[in-house]
């Protein structure tokens, strides 16, 4: 059992959860994830690590409300316990001085690029963060990210932000204004990562995506998270989650991501019926 | 796999002889002449009806009753040179426990087994006795039908558990030595029991949230009820074993980290957690599972009870399972229980070469599983949503024997055919899990990604680090893992005692 230290709504549909897990916190590195199970009947789901505090012994993730598991997580209160919180899993992101790095984040990925920005900045890189939000009120961790970025750009479809672009257009702009960009890393929903990878592909700029396919154990045992990278099958949990965005078979990944679409809806409907009579 | 018939150690021979020479054993031998014993029929294991049991996850075998157990034990002629003990990877004193059963001393029989095996209710269910103790049984040589040693082991273990009279052996004073065991599977649980009984402080680190390893995520409820596993794990905890679940050694902490925390000896029993695929087109379609994933969803995550449990699993009209081992049998019988109209085994050799236990094959056949031998898939075909809808197969014929001595399957040219399936489970074996090897500098590895050990001592290339089970063998059996574990535990005990203490 792991204790919930904090669970907060950051913006509509996006929540933060901070868990007491001193051993995990000691080992966390950017790019890694944890597996969490909200209750004894729950599913094991992977969450990207968004921050940690080794001294306090805590690990923080940001998650989007999607299905039953994330809805269950969103009801947790400080002091509650979750039966499974295991990690840190997956390989850590490569951190060294690349030169100029563009970090693209959307949805929960805005949180997940934070430790990466911090580490890349400390390694001497020029760090440009580009975050994607549908509207201004969905921005979170803006100050936190700005503090570890040389520049922060917001892609949005909100007039209040004077922007009407999806993230790849903003990335394309950055690639032109910041010449050269040595590496792009994208974290967020599969479509956002795909779009970012497609935006950089014509220019041949190395683009890493931090995949989050369906997983069960998260230690290489089951193969649920397999994807095709450069024609070979890789397990995102042990070979990734950082993988080359230009080599991934995205269409296969989209389909695998939707494997349980109907079951997920049924599960959520059942759960909601019990929660909200 | 290094599987050799064991020569009994002199100490073991002496122990067996002492048992054999006891007055009550002598009397019991005399009471029924061998000729009479040979006439007795083997007691049948009662089973639930196939047409009922293939709709649920209740246990198939119901277990012998005490009368049947005593009758079966009477068949054992208590020979002077019992081969069965040599056939057992953990060297259970089989004649002693069987003769206690003949007398109706069931509890004493259970204790006798527990001297050398901490998990008898599990072994009595999942060991391939027919190729171990029962294969070399003298009664088999005489009559063709061995004593049902496995069924008797199961009976006494169940008798002890159901009676609620579980004896906790006396534990010697603590040695103060801290032992870390990686993986709460059959090997890890066995080492833990053996070392705790010798007074060491034992902690098991388990990556998943429930202990048991393959016993919990792999072997289905209908073969090994989880409640039985839980009872055996509870027993270990009563011996003083600590279990840390949700702890991935290699990630949450490395072996070096644990050493720095004061652990002095290590046992790596992290298993064969890396499923093999055939690398044929369409293997990543939605609807194609590794056996590990399929069984883990159903057994560990209880997807059979979806949506009461959140984890889903595909339910098929026609499920095809690729492979001929026990994992393939578990998978195909699971698919039937989840409601498949047709559940098919696709195996590239013939029935004769199938590695699955005869009992599993028999049960599968009774439950309506179809067997397609000499067939192999060549590609999987999906619909526009990337969901599996059919598979292409190729007929095979048997050629010359290969390295394993089994005749090699050779494709029949032009024999491709397409068959409609909406679920495929790939059960063609697995490789050792790479997490520990990747994160343990200096650990010597073999060419299959396995941890290398000295087979006499189970010691790895690192001081104080031992290993056993599928991490050194690739995919093998529960009891071989436990055999490795017993040897490793004895060596680890020696190692700890020889270590200079401040």
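Bear in mind these aren't lab numbers, they're just calculated from the coordinates by the rules spelled out. Nothing here was measured: the structure is a model prediction, and the numbers come from that model. In this analysis, Cβ positions are derived from the backbone assuming ideal geometry, glycine residues included, and neighbour counts consider all displayed protein chains.
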Output the peptides B:50-60, A:100-110 sorted from most to least packed, where packing is the average of other Cβ atoms within 10 Å over each peptide's residues.
A:100-110, B:50-60
Roughly what would the spin-label model give for residue B:11 and residue A:137, points 7 Å off Cα along C-beta, in nm?
7.5
Rank-order A:53-64, B:240-251 by packing density, defined as the average count of other C-beta atoms within 10 Å over each peptide's residues, highest first.
B:240-251, A:53-64
Give the average, rounded to an integer, of partner chain Cβ atoms located within 10 angstrom of each Cβ in A:245-254.
1
Over segment A:211-259, calculate the relative contact order: mean separation of alpha carbon pairs under 8 Å at least 6 apart, over the residue count, as a percent.
37
Quick note on B:47, A:264, B:384, ordering by fewest other C-beta atoms within 10 Å, gives B:384, B:47, A:264
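Hey, can you rank B:24-31, A:253-260 by average C-beta count inside 10 Å, highest first?
Those peptides, ordered most packed to least, come out A:253-260, B:24-31.
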May I ask for the angle, rounded to the nearest 10°, between helix A:167-177 and the longest principal axis of chain A, with both axes built from Cα atoms and the value confined to 0 to 90°?
30
Each label point is 7 Å from the Cα along the Cα-to-Cβ direction; what then is the distance between the points at residue A:172 and residue B:444, in nm?
5.8
Cα-based equivalent ellipsoid, chain B: semi-axes from gyration tensor eigenvalues, Å
37, 30, 21
Which FRET efficiency value, to the nearest 0.05, do you get for residue B:384 and residue A:206 by plugging their Cβ-Cβ distance into 1/(1 + (r/R0)^6) with R0 = 45 Å?
0.85
For peptide A:220-231, how many partner chain Cβ atoms fall within 10 Å of a residue's Cβ, on average?
6
Quick one: compute the contact order of chain B, relative version, from alpha carbon pairs under 8 angstrom and 6+ residues apart, as a percent.
14
Tally the DSSP beta bridges in chain A and give the antiparallel ones as a percent, rounded to 5.
60
Answer rounded, prolate or oblate for segment B:349-432, using the Cα gyration tensor with square roots of eigenvalues a ≥ b ≥ c: rounded when a/c is under 1.5, else prolate when a/b is larger than b/c, else oblate.
oblate
More than 45 angstrom separation, counting every C-alpha pair in the protein assembly as shown; what % is that?
29
Just to confirm the number: angle between the C-alpha axis of helix A:109-122 and the first principal axis of chain A, 0 to 90 degrees, nearest 10?
50
Compute the convex hull volume of the Cα atoms of segment A:211-259, divide it by the residue count, and report the result per residue in Å³ as a whole number.
62
Note the angle between two axes, namely the Cα long axis of helix A:261-275 and the longest principal axis of the Cα atoms of chain A, as a number of degrees from 0 to 90, rounded to the nearest 10.
50
Counting only DSSP beta bridges with both residues in the protein assembly as shown, what percent are antiparallel, rounded to the nearest 5?
50
Quick one: give the max-minus-min coordinate of the C-alpha atoms of segment A:1-110 along each principal axis, largest first, in Å.
45, 30, 22
Any chance you could check the Cα centroid distance between segment B:71-147 and segment B:304-326 for me, in angstrom?
36
Per-residue mean of other chain beta-carbon atoms within 10 angstrom of the beta-carbon, peptide B:244-251?
6
At 0.36 nm per residue, and after removing the present C-alpha to C-alpha distance, how many nm does the segment from residue B:260 to residue B:455 gain when stretched out fully?
67.4 nm
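Decide, for segment B:277-428, between rounded, prolate and oblate: order the square roots of the alpha carbon gyration tensor eigenvalues as a ≥ b ≥ c, take rounded if a/c falls under 1.5, and otherwise choose prolate if a/b is larger than b/c, else oblate.
Oblate.
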Taking the alpha carbon gyration tensor of segment B:10-162, what are the square roots of 5 times its eigenvalues, largest first, to the nearest whole Å?
25, 17, 15
In nm, spacing of pseudo-spin labels at residue B:145 and residue B:165 (7 Å Cα→C-beta vector):
3.1
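Relative contact order, percent, of segment A:114-256 when contacts are C-alpha pairs under 8 Å separated by at least 6 residues? Please list the in-between numbers first.
Working: 217 pairs, mean separation 22.0, N = 143.
It comes to 15 percent, rounded to a whole number.
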Calculate how many DSSP beta bridges within chain B are antiparallel, expressed in % of all such bridges and rounded to the nearest 5.
40
For chain A: Kirkwood Rh in Å [reciprocal of mean 1/r, alpha carbons]
19.0
Asserting the computed 222 nm helical MRE of the protein assembly as shown (DSSP H runs at least 4 long, -39500 (n - 2.57) per run, divided by residue count, to nearest 500) equals -9500 deg cm²/dmol
So the FRET efficiency between residue A:275 and residue B:278, C-beta based with R0 = 51 Å and rounded to 0.05, is 0.70
Distance between the C-alpha centers of segment B:470-501 and segment B:176-219? Whole Å please.
11
